[in-house]
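A short write-up of the structure that comes next.
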Amino acid sequence: WLRVGRLSDLRPGEPRRVSVVGDQRDAFTITRDEVLGSVWLNREGENVTAMSAVCPHLGCSIDLGPDRKSFACPCHASRFGLNGDAEAGPSPRGMDPLETRIVDGFVEIAFKRFRIGTTDREALS
């Protein structure tokens, strides 16, 4: 689990993009406090959902749409609802959800990366 922010900093119904910082590991070394990626957080009451900011189509970065009521991939015109469902464009699936929990007033996520370009949601190890 990685801590990504304070619950009190999130306004209900206003998605916020946050960086995910943690330890990067390979077969021989651990690099501390690396930026691993980013996620979109959306608060509804005391519940927070998290979705990967990586487009499932080709891996571009998903932004909040100009209407602030949807997400958009600027590379290939995929559009997603605030719940992450695919609405338009070539993305083969919706945005990838991540597990969240609240601990001592902080939002934590179980960060994962997912295979792009497929209809199946497959977490990469």
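For the range 1-47, the tally of residues that are under 13 Å from ARG101 (Cα atoms) and within 17 Å of the chain's Cα centre (by Cα) stands at 11. Filtered by the rule that a residue be modelled with pLDDT of 90 or more and crowded, with 17+ Cβ neighbours inside 10 Å, the range 17-36 gives VAL18, VAL20.
Just one residue in the set VAL107, VAL54 is surrounded by 14 or more Cβ atoms within 10 Å (Cβ to Cβ), at pLDDT 95 or above and in contact with a helix residue (DSSP H, G or I) (Cβ under 9 Å, 6 or more places away or on another chain); that residue is VAL107.
Let me confirm something: among GLU46, GLU99, which residue is in contact with a helix residue (DSSP H, G or I) (Cβ under 9 Å, 6 or more places away or on another chain), open to solvent by 90 Å² or more (accessible area, probe 1.4 Å) and either free of Cβ contacts under 8 Å to residues at least 12 places away in the same chain or under 21 Å from ARG3 (Cα atoms) (or both)?
Result: GLU46 is the single residue among GLU46, GLU99 that is in contact with a helix residue (DSSP H, G or I) (Cβ under 9 Å, 6 or more places away or on another chain), open to solvent by 90 Å² or more (accessible area, probe 1.4 Å) and either free of Cβ contacts under 8 Å to residues at least 12 places away in the same chain or under 21 Å from ARG3 (Cα atoms) (or both).
Going by the conditions given, is ARG79 free of Cβ contacts under 8 Å to residues at least 40 places away in the same chain and either in contact with a Ser or Thr (Cβ under 8 Å, 6 or more places away or on another chain) or among the hydrophobic types (A, V, I, L, M, F, W, C) (or both)?
So ARG79 passes the test.
The values are calculated or read from the model by the stated rules, or taken from the named source; none is laboratory data. Quantities reported herein were computed from a predicted structural model and do not represent experimental measurements. Quick reminder, even Gly has a Cβ in these numbers, built from the backbone with ideal geometry, and neighbours come from all protein chains shown. Heavy atoms of the whole protein, side chains included, go into the accessibility calculation; ligands, DNA and RNA do not. Shrake-Rupley method; radii C 1.70, N 1.55, O 1.52, S 1.80 Å.
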